[in-house]
Structures are given as C-alpha cells and as structure tokens.
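What follows is a short report on a single structure.
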Amino acid sequence: MPRMVKCAKLGRELPGLEEPPFDGPMGQKVFENISEEAWRGWIEHLKMVINEYRLNPANKQHQELILQHMEEFFFGQGAAPPPEYKPQK
C-alpha cells in the first residue's frame, strides 16, 4: 500500500513519493507534503522553466532559482510562466 499524504499542491489525500526527491530541507518538505501526481506536474513545469530561462541544473545559482520556482509551485500561489513564454500549440 502506498504512503499517503495530504498534498499541499492538490489539496487532497493522495499517494506520496516513495522517497525524498533530493537531499536537504526542501527535498524533505516535498516528500512529506507532495503527492506523486503533483510531483509529475512539477517535472513538466520544470522543463518549461529550464528551457525558458535557459538554466543549467548543474549551476549552483540556477539550482537556487529552480528551488525558488519549486517552492512557489508547491507551496505558493502557483508559478507563473516567464513573461516571454509562449505555449506550444
């Protein structure tokens, strides 16, 4: 039986992640409060953020920016796309 969490993003009880997605306080916060479903949504959003901002996930400054977007996506008002973002049709 999967571990259930009250998902902070989706607002309902859903299966949680099997383990923290990465080390550190934010990884633990995501593990304790975010569902697998919301995590999949984040991965799709993250692709857009990396591409639109031309981020390198290996760059420490870019990692900090990604964490800020993650915090806003999961625990803030949501994450707005970059001003220049044009959705694909």
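The values are calculated or read from the model by the stated rules, or taken from the named source; none is laboratory data. Predicted model, so just to flag it, every value in this text is computed and none were measured. In this analysis, Cβ positions are derived from the backbone assuming ideal geometry, glycine residues included, and neighbour counts consider all displayed protein chains. Just the protein is used for accessible areas: all its heavy atoms, side chains included, with ligands, DNA and RNA removed. Shrake-Rupley method; radii C 1.70, N 1.55, O 1.52, S 1.80 Å.
Condition first: in contact with a strand residue (DSSP E or B) (Cβ under 8 Å, 6 or more places away or on another chain), under 17 Å from Gly76 (Cα atoms) and open to solvent by 50 Å² or more (accessible area, probe 1.4 Å). Now tell me which residues in the range 7-16 satisfy that.
Going residue by residue through the range 7-16, those that are in contact with a strand residue (DSSP E or B) (Cβ under 8 Å, 6 or more places away or on another chain) are 7, 9-10, 12-16.
Those left that are additionally under 17 Å from Gly76 (Cα atoms): 7, 9-10, 12.
Selection gives Lys9, Leu10, Arg12.
Find the residue count for the range 40-62, including only residues that are aromatic (Phe, Trp, Tyr) and open to solvent by 50 Å² or more (accessible area, probe 1.4 Å). Show your work before the answer.
Let us first name the residues in the range 40-62 that are aromatic (Phe, Trp, Tyr), namely 42, 53.
With the extra rule that they be open to solvent by 50 Å² or more (accessible area, probe 1.4 Å), the set shrinks to 53.
Matching residues across the range 40-62 total 1.
Can you say whether Glu19 is closer than 15 Å to Val5 by Cβ, charged (D, E, K, R) and either touching a His at 6+ places or on another chain (Cβ under 9 Å) or loosely packed, with under 13 Cβ neighbours inside 10 Å (or both), as far as the supplied structure shows? Please lay out each step first, then the result.
Details: closer than 15 Å to Val5 by Cβ: yes; charged (D, E, K, R): yes; either touching a His at 6+ places or on another chain (Cβ under 9 Å) or loosely packed, with under 13 Cβ neighbours inside 10 Å (or both): yes.
Yes; evaluated as a whole, the condition is true for this residue.
Looking only at residues that are in contact with a strand residue (DSSP E or B) (Cβ under 7 Å, 6 or more places away or on another chain) and of a type outside the set (Ser, Thr, Tyr) in the range 35-72, which one is nearest to Met1 (Cα to Cα)?
The initial filter retains those residues of the range 35-72 that are in contact with a strand residue (DSSP E or B) (Cβ under 7 Å, 6 or more places away or on another chain), namely 35-37.
Subsequent filtering for residues that are of a type outside the set (Ser, Thr, Tyr) retains 36-37.
Details: Glu36: 14, Glu37: 16 Å.
By that ranking, first place goes to Glu36.
If you check every pair at least six apart or on different chains, which have Cβ atoms under 6 Å apart with a residue in the range 56-85 that is farther than 16 Å from Gly24 by Cα first and a residue that is exposed (fewer than 12 other Cβ atoms within 10 Å of the Cβ) and modelled with pLDDT of 95 or more second?
His62/Asn56
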